[in-house]
Every structure is written in structure tokens, then in C-alpha cells.
1. Taking the stated definitions as given, is Leu269 of a type in the set (A, V, I, L, M) and modelled with pLDDT under 95?
2. Would you confirm whether any residue within the stretch 57-76 is farther than 30 Å from Val172 by Cβ, of a type in the set (D, E, K, R) and modelled with pLDDT of 90 or more?
3. Kindly indicate the residue of the stretch 172-202 that is in contact with an Asp or Glu (Cβ under 9 Å, 6 or more places away or on another chain) and either open to solvent by 10 Å² or more (accessible area, probe 1.4 Å) or of a type in the set (Phe, Trp, Tyr) (or both) and also nearest to Cys243 (Cα to Cα) among those meeting that condition.
4. Over 14 Å from Ala204 (Cβ atoms) and in a helix (DSSP H, G or I), is that true of Val253?
5. Taking the stretch 64-99 on its own, how many of its residues are surrounded by fewer than 14 Cβ atoms within 10 Å (Cβ to Cβ) and touching a strand residue (DSSP E or B) at 6+ places or on another chain (Cβ under 7 Å)?
6. Working only within the stretch 226-271, note down all residues that are open to solvent by less than 40 Å² (accessible area, probe 1.4 Å) and closer than 19 Å to Pro109 by Cβ.
7. Residues of the stretch 123-166 being within 30 Å of Lys178 (Cα to Cα), more than 12 Å from the chain's Cα centre (by Cα) and among the acidic types (Asp, Glu), which ones?
8. Which condition from (1) at pLDDT below 95; (2) assigned to a helix (DSSP H, G or I) is the one that Pro170 breaks?
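The values are calculated or read from the model by the stated rules, or taken from the named source; none is laboratory data. Quick caveat: nothing in here was measured; it's all calculated off a predicted structure. Positions of Cβ are generated from backbone atoms using ideal geometry, with glycine treated the same way; all protein chains shown enter the neighbour counts. In case anyone asks, the SASA skips ligands and DNA or RNA and just uses the protein heavy atoms, side chains included. Shrake-Rupley method; radii C 1.70, N 1.55, O 1.52, S 1.80 Å.
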Amino acid sequence: MAGELGWLSFFRENKKTDSNWQPQPRLYKCQHAGSAQSAVDLVRVWKKQTSFSSKMPDFYYLPLSAPCRSGMLVAKAVGVDLNMKLVDLMAGEQMKPEFVAINPQHCVPTLVDGDFTLWESRPICTYLASKYGKDDSLYPSDLKIRANIDRLMYFDMGTLYHRFGEYVYPVVFQGQEKPDSAKLDKLHEALDWLNGFLEGHDYAVGNSITVADCVLVASVSTFEATGIDLSKHSNVAAWLARCKTSLPGYSEVNEPGTQEFGKFAKSKLGLN
């Protein structure tokens with residue numbers, strides 16, 4: 001099982017917020033200064049600028065979790081500070097009544113932004129990009145571009161990370177003696193598909209960073225840290241190297257958890 005509920009099943013059984021910030025009026029050039037469209041534009045901007053809570057969103061997470069790290073990368077990219085709340089799944093903290101009251105599925109990541117609560121990492125990523133992004137570059141309004149971003153996030157959830165979980169999790173979390181080589185072949189098949197998706201451009205969707213990169217890099221960097229050989233997927237390897245140097249906050253919010261998971265998994269897989 002992949003993603004947030006995969007973690008749970010194996011462990012169970014703005015802009016930057018600034019209290020001094022004030023919305024600033026923004027002028028728009030309109031062909032007719034008194035037009036209805038001018039008023040609509042001004043109202044839209046004002047609502048956008050005044051929609052930020054003075055309280056940082058709460059983010060319930062586990063650093064080892066790639067889905068959690070994808071949300072943290074998007075937060076860094078849009079410049080919103082999160083109130084980080086560690087949930088130790090190994091200790092069963094996700095089953096505490098106070099957390100179940102917030103999220104009855106008791107999974108991470110979970111975001112609480114004012115009176116709004118959201119779980120599942122990919123919707124969290126698009127929500128943060130849409131609400132706090134200074135523009136729509138991370139999650140463009142163009143329907144075709146957005147559809148491709150969504151497709152790649154669903155591909156990560158249902159195929160790419162799912163196959164990684166099928167290969168690694170039985171050994172790491174369920175006591176299986178050794179990994180199934182056929183499952184590794186299926187993971188490499190998915191990586192080969194990603195390799196094709198990346199052909200001819202720098203990032204997941206075109207030549208600009210989007211939320212798809214934040215989601216995919218959290219997964220693929222975890223594969224690499226676990227000892228999965230990416231060298232046969234040249235586009236994936238080049239893209240990952242590019243993301244490591246260009247994604248805001250990569251070394252701060254992704255690298256430590258990736259390395260921690262890799263060390264933990266390798267010890268179980270006998271790769272140390």
C-alpha cells in the first residue's frame with residue numbers, strides 16, 4: 001500500500017505569515033477605469049490578500065514519510081511557514097483521541113488551516129500552492145497543464161510509490177525475510193515510464209517547477225536513499241539532481257527524512 005495510508009497500515013495495528021503584515025491595494029490597468037471588470041479584478045485581489053490567517057497552519061507529519069515531505073516542499077516553495085507537529089507513528093501517536101478528533105482516518109500528513117482541515121498529501125500540496133502561492137506557477141490555472149500535474153500526482157500515488165511500497169514494505173515493516181525481485185522489476189517498469197514522461201523538458205511538466213515535482217521528488221529521492229539504482233533511467237537521474245539544487249528548501253525539509261528512511265530501510269533490507 002502506498003502513501004499516507006500505507007504508512008498507517010504498517011505502523012498500526014500568505015506568503016510567509018507575519019503578524020505585522022497588512023494587505024496593500026494593487027492597481028490594475030483597465031481599458032475603462034470604471035468598468036465592471038475593473039471592480040471584479042480589484043475585489044478578487046483584495047479577497048486573495050485578505051484571506052490569510054494570522055495563525056500558521058498546523059502540519060501533522062513524520063519526517064520519514066515521503067508524502068509528508070512533499071507538502072513541506074510546497075510550503076517552502078510558496079513561502080508559508082507551517083506549525084510543525086510531529087506524530088510518531090511507531091509509538092502509535094496517530095491513535096490518540098485528540099488526533100483522531102482532527103482526522104478520523106488518523107493518517108499523516110494532516111493540515112489544519114484555521115477552520116479548515118485536510119488530509120491526503122496531494123490535495124494538501126495543491127491547496128497550499130493555490131492559497132499561498134504568489135502566482136499560479138506551481139499549479140497553473142491552464143486546464144491542460146493542471147491535468148498533467150494531476151495525472152503525475154495520481155501516477156505517483158497509484159503506481160510509482162505504490163510499487164516501491166510493495167517491494168520494500170513487506171521486508172521493512174512486516175518481517176518478510178527478503179524482498180521479492182519481481183516487485184523490484186515492477187518498480188523499475190514504473191521508473192521507466194517516468195523516464196519517458198520527463199523526456200525533452202527539465203521538470204515534470206515543462207520547464208518550470210510545479211507541485212508535481214515536489215510530490216515526485218519526495219518519492220524518488222526516497223527510492224535512491226533506499227538503494228534503488230536510478231542509473232538506468234537517465235532522465236530520472238538528471239531530473240532528480242536538478243531538483244536537489246533548484247527546489248526551495250530541499251536540503252532542509254526533504255534530505256534529512258530521506259536519509260533517515262534510507263538508513264532505516266537498508267538495515268532491514270540487508271544493504272548496509
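1. On the way: of a type in the set (A, V, I, L, M): yes; modelled with pLDDT under 95: yes.
Spelling it out, Leu269 is indeed of a type in the set (A, V, I, L, M) and modelled with pLDDT under 95.
2. Going residue by residue through the stretch 57-76, those that are farther than 30 Å from Val172 by Cβ are 57.
Right, trim to of a type in the set (D, E, K, R) and you get none.
Checking the stretch 57-76: not a single residue is farther than 30 Å from Val172 by Cβ, of a type in the set (D, E, K, R) and modelled with pLDDT of 90 or more.
3. His188
4. Values: over 14 Å from Ala204 (Cβ atoms): yes; in a helix (DSSP H, G or I): yes.
For Val253, the condition - over 14 Å from Ala204 (Cβ atoms) and in a helix (DSSP H, G or I) - is met.
5. Final tally of qualifying residues: 2.
6. Selection gives Leu247, Gly249, Tyr250, Val253, Asn254, Gly257, Thr258, Phe261.
7. Glu166
8. (1)
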